Every structure is written in structure tokens, then in C-alpha cells.
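Asks: The structure is given below, and queries will be raised subsequently.
The values are calculated or read from the model by the stated rules, or taken from the named source; none is laboratory data. Just so it is clear, the model here is predicted, and its values are computed rather than measured. Positions of Cβ are backbone-derived with ideal geometry, glycine not excepted, and every protein chain shown enters the neighbour counts.
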Amino acid sequence: MSLIDTQNEPDPRQLAIDRVGVKKLRYPMRVKDRDGAAHDTVAIIQLTVDLPHHFKGTHMSRFLEVLNAHGPLLEIMNIPKILTELTRRLESNSAHVDFEFPFFIEKTAPVSGAKGLLDYQVRFNATVENGVFDIEVVVVVPVTTLCPCSKAISDRGAHNQRGQVTLAVRFSKPVWIEDLIHIAEESASSELFSVLKRPDEKAITERAFDNPVFVEDLVRNVSLRCRAHPDITWHRVEAENFESIHNHNAYALIESGKKPSRSLPG
């Protein structure tokens, strides 16, 4: 039985669509870490392509077919293949994929040695347009910050709070997720841990007190480390402090470097 292909019918409005596809798709993934171990996680995925003006609609099922064909192992090097297949299957000039997932690292408390998992949000945002490939890796890193002004003017203590660094990078060679997280954590007053005993809490509190940073300091610290990294060609760093004595957040952003255009890997 022949069925009508409504999506391929002409559209009289003659308007191209920049992106059309599927989003908020949950999909099991395994992500390799720096040591080669595979971590099971669940990604929230968006897959889109451009739609020429002469097509009424896209074929939504083909997005899932392309994704399923590549299996459950997510690696950065597989993303160009997914993009290429999307443009071929959907007859498009450009394709976009966004993978967002929690990435867990086991951390050891500084004094007691207690171990616990801490989660970080990671995103891979990749595009191909007319054969030119671009990928942006984003990590969202929770940190502790202590206010330099509060420390300078107070007789006792200083206000501190949890903050968040959002670091996006482009690169000449792939950079490990753990390395980007380390850049953000080293730039703050202190990193965070999931399990702390009393001696650890004392050490972390004193570490933050000895290393106060504004959001301005935080983005500058991260940016300097990114500029010194041999493989990072572009970065955008945002810092947000969830202020403990204000009913608003403090925010800063630095962007530096060129957004490179390069052909898809062969």
C-alpha cells in the first residue's frame, strides 16, 4: 500500500526553516574519561537540521534512526559522523546536535580522605554547515567563592557562597572533561566535595578564606588558564555567585579567541 508522504509536499509559503527536529530526548550514553574508563549516564539530546523552503516538513523518525545506528557509546569523535548522516538522510545543508548529561567524578576529601561522587553538567554542541564542522564543549562547575571586600572590611569572618562556572571551549585537539573542570575549580576560592568530615570542613573553610575571589577574579583566573592551554583556541567563561547576603546574584563573563571553521574529519 502506498502512503502519502506529506512532509515532502511543497509548501506555498516558501519560507526556509533554520532548525527543525527533536529535542529533550533522553538516551542512555556511555562517556569515556581521561583514564579510558566508560561511565554510564543519561543524556538529554537535541537533533536538528535546516529545512529548505520547498519542503512542508521533516521526517522526525530519521533523527532517531541516525542516533540509534551509532549505538550507546558517546565519544566526541563520533559526533561528525552523526552530523554527516543527518544531512544525508534529511537532505539538508546543515545539522546540529546537542548532548547534555551529568558527569560524575569521585573526589577525595583533603584531610580525612573520605571519598564521594560529585556531579557536573556537560554539553557537547556541534554543527556542520556546508561541510564545515564546529564543536563546543561546555562544563558547568560548582565552586566556593569568598568575598574579598567582606574579608577586608570585617573584624570577624567574611561572607562566602556557592558559585557556578560555565566554561565553553573550542580546541585544536580534544580536551578532556576532567581538565576543563580542574581549570574552573583551581580558579575559585575552593572546589566542592560531596563528603566532608569536620577536619575537612575546617580545611576547606580556611582555604577559601585564604583565597578570596570576586566573580571578576574568577572569570579572569579561568581565562588566563585557558589562554595558557596549548589546545584551547577559543573560550567563553561565565561566573555566577549565589550571594549569601544579597537577594541577587553576581555575574561576569569573558570571551576570547577565534571560533575556528574546519572541515569534517575524514
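Asks: Of all residues in region 192-232, which are outside any helix (DSSP H, G or I) and touching a residue at least 60 places away in the same chain (Cβ under 8 Å)?
Replies: Leu192, Phe193, Ser194, Val195, Leu196, Lys197, Asn211, Pro212, Val213, Phe214, Asp231, Ile232
Asks: Got a number for residues in region 136-180 being more than 22 Å from Leu224 (Cβ to Cβ) and buried (at least 20 other Cβ atoms within 10 Å of the Cβ)?
Replies: Within region 136-180, residues that are more than 22 Å from Leu224 (Cβ to Cβ) and buried (at least 20 other Cβ atoms within 10 Å of the Cβ) number 1.
Asks: Please go through region 218-234 and give me each residue that is buried (at least 16 other Cβ atoms within 10 Å of the Cβ) and either over 26 Å from Thr108 (Cα atoms) or at pLDDT below 95 (or both), ordered by number.
Replies: Matches in region 218-234: Arg220, Ser223, Ile232, Thr233, Trp234.
Asks: Can you name the number of the only condition in (1) in a loop (DSSP other than H, G, I, E, B); (2) closer than 15 Å to Asn241 by Cα; (3) not β-branched (Val, Ile, Thr) that Asp155 fails?
Replies: Every listed condition holds for Asp155 apart from (2).
Asks: Now for a separate question. Can you confirm whether Leu118 is crowded, with 20+ Cβ neighbours inside 10 Å and modelled with pLDDT of 95 or more?
Replies: no
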